[in-house]
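Before any comments, here is the structure.
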Number of protein chains: 4
Amino acid sequence: MLAELKQHVCRANRALAEHGLVTLTFGNSSGIDAERRHVVIKPSGVPYDKLEPDHMVVVDLEGSVIEGDLRPSTDTPTHLLLYQHFEHVGGITHVHSRFATMFAQARREIPCLGTTHADHFNGPVPVTRSLSQVEVEQAYEANTARVIVERFAQLDPSEMPAVLVAGHGPFTWGRDAAASVENAVALEVVAEMAFGTRVIDANAPDLEQHVLNKHHERKHGKDAYYGQD
Amino acid sequence: MLAELKQHVCRANRALAEHGLVTLTFGNSSGIDAERRHVVIKPSGVPYDKLEPDHMVVVDLEGSVIEGDLRPSTDTPTHLLLYQHFEHVGGITHVHSRFATMFAQARREIPCLGTTHADHFNGPVPVTRSLSQVEVEQAYEANTARVIVERFAQLDPSEMPAVLVAGHGPFTWGRDAAASVENAVALEVVAEMAFGTRVIDANAPDLEQHVLNKHHERKHGKDAYYGQD
Amino acid sequence: MLAELKQHVCRANRALAEHGLVTLTFGNSSGIDAERRHVVIKPSGVPYDKLEPDHMVVVDLEGSVIEGDLRPSTDTPTHLLLYQHFEHVGGITHVHSRFATMFAQARREIPCLGTTHADHFNGPVPVTRSLSQVEVEQAYEANTARVIVERFAQLDPSEMPAVLVAGHGPFTWGRDAAASVENAVALEVVAEMAFGTRVIDANAPDLEQHVLNKHHERKHGKDAYYGQD
Amino acid sequence: MLAELKQHVCRANRALAEHGLVTLTFGNSSGIDAERRHVVIKPSGVPYDKLEPDHMVVVDLEGSVIEGDLRPSTDTPTHLLLYQHFEHVGGITHVHSRFATMFAQARREIPCLGTTHADHFNGPVPVTRSLSQVEVEQAYEANTARVIVERFAQLDPSEMPAVLVAGHGPFTWGRDAAASVENAVALEVVAEMAFGTRVIDANAPDLEQHVLNKHHERKHGKDAYYGQD
């Protein structure tokens with residue numbers, strides 16, 4: 001079942017390594033089918049360059065394995081809950097890419113300092129609160145999704161397709177797995193440039209709101225004119 | 001039309017990726033024909049490794065597409081206005097390369113701290129002012145060129161083939177598209193080394209003016225003796 | 001003799017270069033046989049891309065060469081003594097990878113700031129004391145192992161498969177040579193991210209102990225559920 | 001003439017690019033023949049991946065071109081004078097590698113903070129004084145060698161095969177061109193790790209003298225036991 005989605009998700013996971021976003025086996029991408037009943041996700045702990053579409057695991061929204069010989073990613077419960085809450089999201093990526101993770105470890109949002117950022121993220125990239133001991137012990141991976149959803153109480157996941165989990169690393173999303181990988185790539189570049197900008201000047205100003213709006217709108221707004229139709 | 005120029009500009013755009021200056025599709029190179037009537041530029045949002053000469057878009061100086069099936073780069077109006085004002089420029093490159101963009105985001109010029117810089121840029125690389133809300137809303141891409149031209153009121157674009165647009169990133173130019181890419185490569189190295197030098201010593205001195213002059217002259221002056229004839 | 005182990009250790013040494021952990025010939029991996037009588041180690045000063053299984057040197061625990069035409073790594077006495085003291089260790093790697101070495105040179109432990117760290121190392125990665133002049137002059141390489149063992153008086157090498165030798169660089173270990181290389185890869189990433197986190201915020205907090213425990217346990221504990229069986 | 005030396009020097013120059021020490025055409029290696037009468041050096045401004053042995057230029061110690069169709073490197077007079085003063089040196093390399101150049105631009109010596117450094121350089125890597133305006137105008141490239149020689153009044157070039165020219169970049173040397181490239185590789189790593197160490201702790205201590213001596217001696221002393229015979 002879901003042969004095309006498995007191929008798409010497999011390619012997205014391999015792209016994580018090609019873009020230098022993952023080391024060893026730290027990272028995973030998933031995609032949900034159009035009916036939002038099944039999620040295809042990377043198997044746990046398998047090297048990226050060995051991944052084939054047949055290795056992908058199909059789970060339902062309760063996390064039961066529907067198809068696949070391998071155990072799904074440890075982070076599967078996080079993906080599943082995000083799909084349930086963020087209803088326009090078709091693909092999710094989690095990596096420990098270096099600069100985004102530095103901000104997550106410093107528990108600092110990534111400020112919007114330039115147009116590269118504005119092209120992808122409509123404002124500073126938020127960071128969650130820490131999980132309590134009870135939250136960690138009872139349902140760590142599901143509660144990781146819950147603190148993300150909590151952080152998005154006032155945010156629109158379509159406008160802000162990324163979050164930093166405190167002390168952990170980024171999750172990104174998009175219309176499909178490939179789009180979530182593209183956002184993970186953009187997030188890492190944006191994090192690196194924010195890092196360096198603040199080394200040059202600790203008080204470097206945020207991008208002016210009118211420039212932020214313009215860049216975001218020309219790429220994502222209803223009259224977008226970036227790219228091809 | 002302009003088959004040779006399309007090939008040249010296509011090769012220049014592919015070189016952006018080969019030199020590591022671009023991520024995803026953030027960057028573009030263009031070239032103008034000898035009569036300065038037509039500009040060949042990268043199509044918007046197309047990956048570098050897929051670019052073929054036939055994908056290049058030909059526009060006139062008013063921005064009308066003369067030839068090509070794809071939409072030209074969103075930054076086309078910036079390129080066009082720069083060609084109109086900088087009459088000895090034959091090629092222009094815009095990228096969001098990391099270290100040059102950090103300086104642009106910090107709204108700091110890149111100081112001339114060594115001979116690598118002096119070999120390419122005759123003095124500190126300037127940064128523009130920010131665009132006002134009106135400038136952004138009325139004609140963002142054209143006004144981006146206008147703040148560059150304004151910044152060059154007292155500067156010679158032949159001596160200083162680069163600028164940082166505040167909160168955005170670098171534009172470079174040269175006698176043709178390939179030369180503008182070479183200047184983008186040099187700018188990124190120079191930015192990285194200036195960054196690191198000032199981390200080692202926040203008060204590291206500018207290069208002595210007599211060394212700057214010597215290096216610039218031996219490569220670009222009328223008695224230049226660097227390279228082959 | 002030990003044909004399989006030589007192949008494994010050769011592959012581990014070549015992997016050091018493939019992972020970018022070594023420059024020139026700075027680094028070596030070794031493995032011990034199941035009877036813990038013979039150690040297979042890289043020959044000294046041979047480039048990684050030229051290494052073949054037949055180049056590997058077999059030494060006994062006193063350091064006598066049992067088989068092999070080349071001189072074993074200069075660091076052989078360090079490896080041997082560590083095998084004698086750390087009885088569950090099957091493979092050891094020593095590199096001068098950049099960020100781990102920066103912490104070793106700064107004589108600072110690598111703090112546990114995030115889950116990437118917790119996935120591999122159960123707490124901050126310790127740093128040894130310096131060797132005295134007498135220790136250096138009498139038996140430098142063996143005494144390097146002794147200061148490591150001394151540092152582990154209160155630590156379990158199975159829970160903490162890495163150490164920084166002050167002013168020198170990291171040693172890592174594992175159930176075999178490949179596992180010790182994997183830990184060297186993880187250590188370098190973790191060091192780089194700790195470095196950057198503390199640049200963003202010099203007071204970035206340690207990871208909460210309950211999150212550290214959770215991540216370490218889900219990967220290494222008796223009820224581990226990360227990876228495949 | 002000198003066919004073997006041309007091949008060796010060509011390979012050394014190509015290695016500069018393979019090791020990531022050069023960008024565009026910033027850097028060159030040379031070698032001197034056994035009689036110390038002729039120097040083989042890279043032609044000026046030619047890309048590394050296009051270099052063939054026949055492109056190498058043969059010059060005598062006065063700088064006259066003896067063989068070769070191309071103009072020799074602009075830095076030829078610096079190489080020639082160094083060969084005249086440093087009589088045990090058989091090969092010289094000049095690059096603008098990033099971290100070594102940052103120290104040169106900051107006009108700071110590279111402190112010896114660890115054993116990687118001690119394995120290659122017997123103490124801190126020195127930096128020259130700046131050239132005066134007269135020195136630059138009269139004979140810039142030859143005077144670059146003179147400030148290096150002046151800086152080595154109390155230093156042995158066999159023990160310290162590297163120098164930083166203030167505001168410019170490193171020169172390294174060795175028994176032949178390949179050895180000078182190897183020292184340029186080591187210098188860059190050592191510079192990067194010194195940079196990072198001092199970011200972690202601005203007061204990170206120098207390596208203990210007894211460890212420095214041990215590492216340098218075990219690799220370069222008369223009883224060296226590193227590498228193969």
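The values are calculated or read from the model by the stated rules, or taken from the named source; none is laboratory data. A quick note: this is a predicted structure, and the numbers were derived from the prediction, not measured. All Cβ positions, glycine included, derive from the backbone under ideal geometry; neighbour counts span all protein chains shown. These accessible areas exclude ligands, DNA and RNA; they are computed on the full protein's heavy atoms, side chains included. Shrake-Rupley method; radii C 1.70, N 1.55, O 1.52, S 1.80 Å.
Label point of D:Ala3 set 7 angstrom out along Cα-Cβ; within the range D:48-65, amide nitrogens under 16 Å from it belong to D:53-56.
Put a dot 7 Å past the Cα of D:Ala202, heading toward its Cβ, do the same for C:Lys50, and the two dots end up 4.5 nm apart. Protein heavy-atom accessible surface, 1.4 Å probe, per residue over the range C:2-220: 37 Å². Counting only other chain Cβ atoms within 10 Å of each residue's Cβ, the peptide D:213-220 averages 2. Each residue of the range C:104-117 was assigned a 3J(HN,Hα) from its phi angle through the Karplus expression (A = 6.51, B = -1.76, C = 1.60, θ = phi - 60°), giving 4, 6, 7, 6, 10, 5, 8, x, 8, 9, x, 6, 4, 4 Hz with x at Gly and Pro. Residue by residue along D:111-124, Cβ atoms of other protein chains within 10 Å of the local Cβ number 4 on average. Rounded to the nearest 20, the size of the Cβ-charge dipole of the range B:18-65 about its Cα centre is 120 debye, with Lys and Arg at +1 and Asp and Glu at -1.
A cut-off of 5 Å between modelled amide H atoms, ignoring neighbours fewer than 5 places along the same chain, links A:Ser132 with no other residue.
Between the C-alpha center of the range B:7-42 and that of the range A:88-134 there is a gap of 32 Å. With helices as the sole contributors, chain B gives -13500 deg cm²/dmol at 222 nm; each DSSP H run of n ≥ 4 counts as -39500 (n - 2.57), and the sum is divided by every residue. Of all the accessible heavy-atom surface of the range A:2-220, with the other protein chains kept in place and a 1.4 Å probe, what percent is carbon and sulfur? Looking at the range A:2-220 in its full context, I get 45 percent from C and S. When Rg and the Kirkwood Rh are both derived from Cα coordinates, the Rg/Rh ratio for the protein assembly as shown amounts to 0.97. Dividing the mean sequence gap of close Cα pairs (under 8 Å, 6+ apart) by how many residues the range A:2-220 holds gives a relative contact order of 23 percent.
Between A:Arg129 and C:Glu18, the FRET efficiency estimated from the beta carbon spacing at R0 = 56 angstrom works out to 0.90.
Across the copies of the chain, B:Ser132 has label points (7 Å from Cα along Cα→Cβ) spaced 5.3, 5.3, 7.5 nm apart, shortest distance listed first. Kirkwood analysis of the Cα pair distances in chain A returns a hydrodynamic radius of 17.8 Å. Out of the DSSP beta bridges found with both residues in the protein assembly as shown, what percent are antiparallel (nearest 5)? Of the beta bridges lying entirely in the protein assembly as shown, close to 95 percent run antiparallel.
Over 30 Å apart at the Cα level, from the set A:Lys50/C:Lys222; B:Lys42/D:Lys50; A:Lys6/C:Lys219; A:Lys219/C:Lys214; C:Lys50/D:Lys222, are A:Lys219/C:Lys214. DSSP assigns beta bridges within the range D:2-220; of those with both partners inside it, close to 95 percent run antiparallel.
If you plug the beta carbon distance of C:Leu61 and A:Gln209 into 1/(1 + (r/R0)^6) with R0 = 60 Å, you get a FRET efficiency near 0.30.
Sorting C:9-22, A:159-172 by their mean Cβ neighbour count within 10 Å, with the most densely packed peptide first, gives A:159-172, C:9-22. The phi torsions of the range D:186-197, fed into the Karplus equation with coefficients 6.51, -1.76 and 1.60 and a -60° offset, translate into couplings of 4, 4, 5, 5, 5, 5, 4, 6, 5, 3, x, 4 Hz, rounded to whole numbers, with Gly and Pro shown as x. Peptide D:137-144 is shielded by partner chain Cβ atoms: per residue, an average of 1 of them sit within 10 Å of its Cβ. Spatial offset of the range C:172-229 relative to the range D:161-180 amounts to 39 Å, using the alpha carbon center of each. The simple Förster model, with R0 at 22 Å and r as the Cβ-Cβ distance, assigns D:Arg11 and B:Arg11 a FRET efficiency of 0.20. Measuring from each Cβ of chain A to the axis that turns chain A onto chain C, the shortest distance belongs to A:Val199, 5 (residue, then whole Å).
Could you give the Stokes-Einstein D for the range D:112-220 in µm² per second, using the C-alpha Kirkwood radius, 20 °C, 1.002 mPa s? Rounded, D is 144 µm²/s.
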